[in-house]
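Have a look at the structure below, then the notes.
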Amino acid sequence: MNKLLVALGLAATVALVGCNKDKAPETGATTGEHLENAADQAGHDIADATSEAATATATAVDNAATATATAADNAAENAEAAAHNAKEAAKDATAATAGAVEQGAANVKEKAQQ
């Protein structure tokens, strides 16, 4: 965008200088040639700016894709760890419950024998 503004400013300056009919341009080129050269330069500047913008956009998309893939991998790893932890907690709870039931049964049996 800045290059476009510079190119347009250059074109306006060349046009103003070229409109001075009192003396010939320093390069020997006509006003039309100056304007044509300024337009060509502006076209090149616009093409360069467009190319740079496309490259920056592609880089941003690549970075976003990489970040998304990394986040998905991390989420999968965290979900796997949570599932493992839940499984271990369920095992521990089952073992504790079984132990409590056996202890309760032993207590009942002991009281029944007394």
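All of the numbers you see were taken from the coordinates with simple rules; none came from a lab. Note that the structure is predicted; figures quoted are calculated from it, not measured. No Cβ is skipped: glycine too gets one built from the backbone with ideal geometry, and neighbour counts run over all protein chains shown.
What are the GluC sites (Glu not before Pro) within the stretch 26-114 that DSSP puts in a loop, where the Cβ has at most 12 other Cβ atoms within 10 Å?
Sites meeting the loop and neighbour criteria: Glu26.
Kindly state, to the nearest 0.05, the FRET efficiency for Lys111 paired with His84, given R0 = 35 Å and r defined as their beta-carbon distance.
So, using R0 = 35 Å, E works out to roughly 0.30.
Output ³J(HN,Hα) for the stretch 103-111: one whole-Hz value per residue in order, computed from phi by the Karplus curve 6.51 cos²θ - 1.76 cosθ + 1.60 with θ = phi - 60°, and x for Gly and Pro.
3J(HN,Hα) across the stretch 103-111, in whole Hz: 5, x, 5, 5, 5, 5, 5, 5, 5.
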